[in-house]
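A.B. asks: Pasting a structure here, questions to come.
The values are calculated or read from the model by the stated rules, or taken from the named source; none is laboratory data. Here the structure is a predicted model, which means the values were calculated and not measured. When we count neighbours, we look across all protein chains shown, and the Cβ atoms used for this are built from the backbone with ideal geometry, even at glycine.
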Amino acid sequence: MFNRLLPNLRCIRAFGLIGSGLFVIAITIFILTQQTSRVSADYTFQETEAYCLGCHSNPDLKMTLPNGEEISLFISTDMLAESVHSPAGIECEACHTEIKTYPHPEIEFQTRREMSRSYYLACQKCHSANYKNAQDSMHARAAEAGNLDAPICTDCHGAHDVTIPDKPRSHVSSTCSTCHQEIYNEYKVSIHGGALIQEDNPDVPVCTDCHGVHNIQDPRTAQFRISSPDLCASCHANQELMAKYGLTADVYNLYNLSWHGVDLSVYKARWPNTWHYSAVCTDCHGVHDILSTQDPNSSVNPDNLLATCQKCHPDAGPNWTGAWVGHNRIDPQRTPFLYYTEVFYSSFSPFVLWMSLIYVILQIFHAIVGRIRRSLQ
Amino acid sequence: MTVQKDSLTSKPETVYVERYFPRFTLGQRWEHGILILSVFILLITGLPQKYPDTLWGQWIISSPERLNQIQQIHHVFALLLFALAVYHFGRIFVQIIRKQLPGGMLPEWQDVRDAWQMIKFLLFLTRNKPNFGKYNFEQKFTYWMIFFGVGIMILSGLILWFPIQVTKIFPGGVIPAAFLAHSNEAIALAVFIVIWHFFHVHLQRLNLSIFTGRINEDDLRKYHENEFERLRALNSQDSNTGGGNP
């Protein structure tokens, strides 16, 4: 009986070993998984993506909002892979904080826009500085005034497909063109826009270089106008940068000495919020549609210059354009009147004044000597 | 030509007779007064526009409206100065036609010789001070500097005031040249008046003859000896023909 049972016992022992081994493995896996889930409870961004995509990778997944708008709930894995967030481990729950599991809590948004305007608030969790700047922008003020279509973070940067905004640089301007199509059409044929779009030029300004990035201000104010020459000067007064394109970097300094520049400087220093008509760069060169001065269509091409002057000086005759020397150094060939006036006041006039002063000093000296002599006698 | 200020008293040895000689006509005195007024107002309304960054400039140009007012005042007094210049030229023109131009202000070679002599005197190279006529070379220099200075200011000012009309006839280049000239000449003229004219009429000696219109005998003798001699000769001629006092 005992002998008969022996092989069974051996059998039991073997099973016991295998069983206990499996048990240990199972326990280990259990503990390990327990620990992992505890980590995901403490940190918002973890592997929620795979879980969510369990449903949201379905291209047909959609829902209907109370106002009848149909929203696709499909999230493409390719799109997530190309975005900046997902590969960095910032996943669904980082932004969709209220959704923890399935079934999701009831959605209270009436419209798609309302939903976007609610979810974009999550951006400030990480991007607080940019978010705050955006709140002090023309766009935020438009929203406050009731225009809910005014752009929020996700309108420019995307939502699930956020990429680096200026790769390539032309992406910035094409983003703005989504709403500002008309201005973009002017810009893309300008000297700046053309170089950006056709050559991916690293120096020409994109929209945000002049208008700012997140705290974009109203460019129609007196203050923007009065400081706009400084904006142009941030590139056009840069010797190194201008030399690259065969342009002179004196334009800004010489403008400041011209009638327009001097007149404007008074207002700039004292009353920057008072609208003043003295010409700034853009009045003559154009704003978004700036062309090379050699371009026959340029507003400051010699053939078109008079018409440009006549915008402000309607009665000006053909000689009038000769009065503009604001961008050129004084030169005997180009500006003879100015040149010889300058020579007169830099040589003859000071000479006469110095001679007069020396003569008067001699008179004073002679009078003092005379007095001392008389007092000694 | 002489004026007796005090009436003779009974004791001849204590009589003090201060004799005055007429130097400027009433018209000339008025001209000078208007010149002072207009140049002063033009400077205080013009300089803040040239130096808007300075504290005093900002004090005068306190608001855009004030800037506008100041430009209008500048134009009004520019017209006054212009009218004065027209009057001055008109008078000279009439005097030339009538062959009555006094000519005392016209520059002569004698002025260059006087200036050279004066410089040698001031450098202690000679003890002889030159004798001057009615207007010495310093005074002539003052007149001609202001003559051309005001001329440049009026001309360039008018160009800046009516640039569109000016460029219908003249090349556009005159506009920035006028801007530069107006700005520089104003300073040059102001500096000249302060260092040269103010020194000679206020510091060196207080010479108020342009306001009173007359000069006393001592000053005439001391500073314009040739003129004094000329007048004395003239006077003795007069007395020979039976007029005036000895």
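A.B. asks: Among what's in the stretch A:325-346 and is of a type in the set (Val, Ile, Thr) and over 17 Å from B:Phe170 (Cβ atoms), pick the residue that is farthest from the other protein chains (Cβ to nearest Cβ).
C.D. replies: My answer is A:Val343.
A.B. asks: Also, quick follow-up: Identify the residue in the stretch A:52-86 that is in contact with a helix residue (DSSP H, G or I) (Cβ under 8 Å, 6 or more places away or on another chain) and of a type in the set (Ser, Thr, Tyr) and, among all such residues, is farthest from A:Asp166 (Cα to Cα).
C.D. replies: Taking the candidates together, the pick is A:Ser57.
A.B. asks: Quick check: anything in the stretch B:119-138 modelled with pLDDT of 95 or more, touching a Leu at 6+ places or on another chain (Cβ under 7 Å), surrounded by 18 or more Cβ atoms within 10 Å (Cβ to Cβ) and not small (Gly, Ala, Ser)?
C.D. replies: Taking every residue of the stretch B:119-138 in turn, none turns out to be modelled with pLDDT of 95 or more, touching a Leu at 6+ places or on another chain (Cβ under 7 Å), surrounded by 18 or more Cβ atoms within 10 Å (Cβ to Cβ) and not small (Gly, Ala, Ser).
A.B. asks: Sticking with this one: Do we have any residue at all in the stretch B:7-23 that's loosely packed, with under 11 Cβ neighbours inside 10 Å, at pLDDT below 95, among the β-branched types (Val, Ile, Thr) and not in a loop (DSSP other than H, G, I, E, B)?
C.D. replies: There is at least one residue in the stretch B:7-23 that is loosely packed, with under 11 Cβ neighbours inside 10 Å, at pLDDT below 95, among the β-branched types (Val, Ile, Thr) and not in a loop (DSSP other than H, G, I, E, B).
A.B. asks: Which members of the stretch B:32-64 meet the condition of being more than 10 Å from chain A (Cβ to nearest Cβ), within 27 Å of A:Leu257 (Cβ to Cβ), free of Cβ contacts under 8 Å to residues at least 12 places away in the same chain and in a helix (DSSP H, G or I)?
C.D. replies: Across the stretch B:32-64, the qualifying residues are B:Leu55, B:Trp56, B:Trp59.
A.B. asks: Quick one: would you say B:Leu101 is surrounded by 13 or more Cβ atoms within 10 Å (Cβ to Cβ), within 24 Å of the chain's Cα centre (by Cα) and modelled with pLDDT under 90?
C.D. replies: Answer is yes for this residue.
A.B. asks: OK, next. Among (1) surrounded by 19 or more Cβ atoms within 10 Å (Cβ to Cβ); (2) more than 14 Å from every other protein chain (Cβ to nearest Cβ); (3) under 26 Å from B:Pro64 (Cβ atoms), where does A:Cys309 come up short?
C.D. replies: It fails just one condition, (2).
A.B. asks: A further question follows. Among the candidates B:Ser236, B:Ser209, single out the residue that is surrounded by fewer than 16 Cβ atoms within 10 Å (Cβ to Cβ), more than 10 Å from chain A (Cβ to nearest Cβ) and at pLDDT below 95.
C.D. replies: B:Ser236
A.B. asks: With respect to A:Cys176, determine if the residue is farther than 23 Å from A:Ser298 by Cβ, in contact with a helix residue (DSSP H, G or I) (Cβ under 7 Å, 6 or more places away or on another chain) and either among the β-branched types (Val, Ile, Thr) or assigned to a helix (DSSP H, G or I) (or both).
C.D. replies: In short, yes.
A.B. asks: Step by step: first the residues of the stretch B:157-185, then only those that are at the interface with chain A (Cβ under 9 Å from one of its Cβ atoms) and not in a helix (DSSP H, G or I), then the one that is surrounded by the fewest Cβ atoms within 10 Å (Cβ to Cβ). Which residue is that?
C.D. replies: That would be B:Pro171.
A.B. asks: Something else now. Could you list all residues from the stretch A:259-302 that are of a type in the set (Val, Ile, Thr), in a helix (DSSP H, G or I) and buried (at least 20 other Cβ atoms within 10 Å of the Cβ)?
C.D. replies: A:Val266 - this is the single residue of the stretch A:259-302 that is of a type in the set (Val, Ile, Thr), in a helix (DSSP H, G or I) and buried (at least 20 other Cβ atoms within 10 Å of the Cβ).
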